[in-house]
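The values are calculated or read from the model by the stated rules, or taken from the named source; none is laboratory data. Nothing here was measured: the structure is a model prediction, and the numbers come from that model. Glycine gets a Cβ as well: all are built from the backbone with ideal geometry, and neighbour counts include every protein chain shown. Heavy atoms of the whole protein, side chains included, go into the accessibility calculation; ligands, DNA and RNA do not. Shrake-Rupley method; radii C 1.70, N 1.55, O 1.52, S 1.80 Å.
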Amino acid sequence: MPETKPTSIDFSDRIFDLRRERSHDDLWSMLDRLYGTHPDYAKFSKALDRAMRVAWRDRPEDLRLLDLKRDLEPDWFQRPDMAGYVFYIDRFCGTLARVPEKLDYLADLGINYVHFMPCLKPRPAPNDGGYSVMDYGKINPAYGTMDDFEAATTACRERGISVCVDMVLNHTAKEHAWAKKARRGDPKYVDYYLMFDDDTLPKQYERTLVEIFPNDAPGNFTWYDDCQKWVWTTFNEHQWDLNWANPQVFLEMAKIMLNLANRGVDVLRFDAVAFMWKRMGTRCQSEPECHMLLQALRAVCRIVAPAVIHLEEAIVSPAEMLPYLGRGEHDGKEGNLAYHNSLMVQFWSALASSDTQLMTYVMGAHFPPNLTNATYATYLRCHDDIGWAVTDEDAAVVGLNGHLHRSFLSDFYEGTFPGSFSKGELFQYNPETGDKRISGTCASLAGLEKALDAKDAIATDRAIDRILMGHALIASSGGIPLIYMGDELALTNDYGYHDVPAHAHDSRWLHRPMMDWAGAEIARSDPDSVQARVWTGIRGILARRAGVREFHAAYPTEILQTGNAALFALARRAPFGSVVCVYNFSDCWTALPQSWLVQHGMTRHVDILSGGAVASDGGAVPIAPYARAWFR
């Protein structure tokens, strides 16, 4: 008898089974250790397997094709033509329905990755800027509907633009359906959260916990009279921490993750991942179980939606951050992206001091040359404040007092330090610890606002050079450079937030201005305008980056010693050659010996960024104030 050909459904199920087999050990080795002794583990295991198969069968055909493409090209997100853009939907274009009409603007800039800032349905304000989610299956009604969201992701995909969205893992809003049921005493949902009948255990935990928002939300627990419970609330009273020791929480969040993947999400930004697992006597941050959970979630995605990658938001020290990109047993199996917070901090630190010694030490001592199946999201600014993550130990290596240096940086970028070019505002000042964080746009922190106010043409030129130097740095360091909305147009601080009651208490709204579409038109029509100089500069940097094969994230990054405190240098080492990148963090001319550049890999004597030949004066290559150069 002739052999029966498999139906499309049979073939589809075979693909699922192959992927399930591929990631079986990555998934179940973690879940066995996390939940193997839980009385409901067998039931949970069957439910998870069923949920994955249902999500696979519901996955649209065009996304299945994208799964196949990215299985064949697993380095798609590491390539040098990747460049990202981050924005709040309402402040960028109003609603999701208007996103497609703005894609020409983004494509012209060189963008093929967009991050829609929190867009799932939050509780009414205050909602931590949208990170207090009350329904993971709906879109914030101010932005549109889930149909609008799918239309936007489809339009992006058709233009070759990947979409990133936020998925908060550590907590839900207290108005979430699970929390409402827990509040009514439903034992199933009480176990979804961390709830206590009295304050005995909360007081014991508090001994080693830190406060995230000491001004607005002191402590880590909140008492609720209606349910007579203490609830773990790390961030805000309205954000209830989930109990990830309950396998049912994993199952629920896996379903949410796969639903978003099937709606067209390419990158899931997992928020607050460091806080997911609690252990008495610790900070309850970055516990080993966090990494087990994240590896398991990654394996679930690789089975059902391998086109999707994970960005893990952990703004912690380098030693604590790197495991989120997979280290040790999780190597190549955990997050694909993590924010390079240290690069941002060290950029602003070196810029204020005109000294790169701390930056050179930190970047060389704490970060490996490359990573397995992972890379960094590099950036100069984001929606959040800047916390000065400079340790006392690192500062001491280069002869600095950590406390004094952190204080200097806050004073400098607030604009109160004598001679500062910057204008910013403090965020969450803690007089007991001396911790002072900073808010401000890239342009204002880099000196443009103050220069424009003073109508100082030379200072304006210097500020623009600082902005472009920073963007050249994040474009060359390895990873995906992210442009925060408006930075490409040199948007300055928005002081109007002081007049908005819902925002006035939070200085981070200083650097969350509305998109300047009039400025965008000026950037395209008036080449002498500040907007055009920054737009054209950043656009050119991204275009040059796309053609530099050495910038593929899989190739090692080597931090170089220049012997000149004003200069920061790195080399990107590929099997076929090197690119040496040099940045001058001072407002003075300086020089590098031509022999140094040749020694470190320069062979063609060409600056890739400018396209010009490398000039030499008596064997020395002059480096202009705030210069950025990529030598091949």
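Does H176 satisfy the condition of being under 30 Å from E432 (Cβ atoms) and either at pLDDT 95 or above or among the acidic types (D, E) (or both)? Taking the combined requirement at face value, the residue does not satisfy it.
Of all residues in segment 617-629, those satisfying the criterion of being farther than 22 Å from L351 by Cα, exposed (fewer than 15 other Cβ atoms within 10 Å of the Cβ) and of a type outside the set (D, E, K, R) are G618, G619. Identification of strands (runs of 3 or more DSSP E) wholly contained in segment 160-262 with 1 or more residues that are among the basic types (K, R) yields 229-232. Listed by first and then second residue, the pairs linking a residue in segment 504-516 that is within 19 Å of A125 (Cβ to Cβ) and modelled with pLDDT under 95 to a residue that is part of a helix (DSSP H, G or I) and open to solvent by 40 Å² or more (accessible area, probe 1.4 Å), with Cβ atoms under 8 Å apart and 6 or more places separating them unless they lie on different chains, are A504/H498. Looking across segment 428-451, the residues that are of a type outside the set (A, V, I, L, M), within 25 Å of H403 (Cβ to Cβ) and open to solvent by less than 20 Å² (accessible area, probe 1.4 Å) come down to Q428, S439, G440. Is it the case that Y41 is open to solvent by 10 Å² or more (accessible area, probe 1.4 Å) and either hydrophobic (A, V, I, L, M, F, W, C) or within 30 Å of P501 (Cα to Cα) (or both)? In short, no. All of (1) touching a residue at least 12 places away in the same chain (Cβ under 8 Å); (2) farther than 30 Å from H24 by Cβ hold for K102 with one exception: (1). Of the numbered criteria (1) in a helix (DSSP H, G or I); (2) open to solvent by less than 10 Å² (accessible area, probe 1.4 Å), the one G335 fails is (1). Going by what's in this entry, would M52 be described as out of contact with any Leu (no Cβ under 6 Å at 6 or more places or on another chain), open to solvent by less than 50 Å² (accessible area, probe 1.4 Å), part of a loop (DSSP other than H, G, I, E, B) and in contact (Cβ under 8 Å) with a residue 60 or more places away in the chain? No, not satisfied.
Can N236 be described as open to solvent by 70 Å² or more (accessible area, probe 1.4 Å) and touching a Phe, Trp or Tyr at 6+ places or on another chain (Cβ under 8 Å)? So N236 fails the test.
Could you check how many residues of segment 179-197 are touching a helix residue (DSSP H, G or I) at 6+ places or on another chain (Cβ under 6 Å) and of a type in the set (A, V, I, L, M)? Here the count works out to 2.
Look at D128 and say whether it is at pLDDT 95 or above, of a type outside the set (A, V, I, L, M) and more than 29 Å from G537 (Cα to Cα). Walk me through it before giving the result.
Numbers: at pLDDT 95 or above: no; of a type outside the set (A, V, I, L, M): yes; more than 29 Å from G537 (Cα to Cα): yes.
When the stated conditions are applied, D128 does not pass them.
Take the conditions buried (at least 16 other Cβ atoms within 10 Å of the Cβ), charged (D, E, K, R), at pLDDT 95 or above and more than 21 Å from I467 (Cα to Cα) and apply them to R406. Does it pass? It is true that R406 is buried (at least 16 other Cβ atoms within 10 Å of the Cβ), charged (D, E, K, R), at pLDDT 95 or above and more than 21 Å from I467 (Cα to Cα). Looking at segment 289-296, is at least one residue touching a His at 6+ places or on another chain (Cβ under 8 Å), open to solvent by less than 10 Å² (accessible area, probe 1.4 Å) and not hydroxyl-bearing (S, T, Y)? Scanning segment 289-296, I find at least one residue that is touching a His at 6+ places or on another chain (Cβ under 8 Å), open to solvent by less than 10 Å² (accessible area, probe 1.4 Å) and not hydroxyl-bearing (S, T, Y), so the answer is yes.
Being farther than 24 Å from H366 by Cβ, under 19 Å from the mean Cα position of the chain (by Cα) and crowded, with 22+ Cβ neighbours inside 10 Å is a property that does not hold for M276. Among the residues of segment 297-315, the one identified as within 28 Å of K203 (Cβ to Cβ) and open to solvent by 20 Å² or more (accessible area, probe 1.4 Å) is I315.
The lone criterion from (1) closer than 23 Å to A374 by Cα; (2) in a loop (DSSP other than H, G, I, E, B); (3) touching a Leu at 6+ places or on another chain (Cβ under 7 Å) left unmet by S286 is number (3). Being more than 14 Å from A296 (Cα to Cα), in contact (Cβ under 8 Å) with a residue 60 or more places away in the chain, open to solvent by 40 Å² or more (accessible area, probe 1.4 Å) and among the basic types (K, R) is a property that holds for K69. Give the residue, chosen from D26, D13, that is part of a helix (DSSP H, G or I), at pLDDT below 95 and open to solvent by less than 50 Å² (accessible area, probe 1.4 Å). Selected residue: D13, the only one of D26, D13 that is part of a helix (DSSP H, G or I), at pLDDT below 95 and open to solvent by less than 50 Å² (accessible area, probe 1.4 Å). Out of the residues in segment 318-332 that are open to solvent by less than 20 Å² (accessible area, probe 1.4 Å) and part of a helix (DSSP H, G or I), which is farthest from E393 (Cα to Cα)? The extreme case among them is H330. Cβ-Cβ distances below 6 Å connect the following pairs, each with a first residue in segment 217-231 that is touching a residue at least 24 places away in the same chain (Cβ under 8 Å), a second residue that is open to solvent by less than 60 Å² (accessible area, probe 1.4 Å) and charged (D, E, K, R), and a separation of six or more residues or different chains: W230/D199.
For residues in segment 187-221 being acidic (D, E) and over 14 Å from N243 (Cβ atoms), which is most open to solvent (accessible area, probe 1.4 Å)? Among them, the one singled out is D197.
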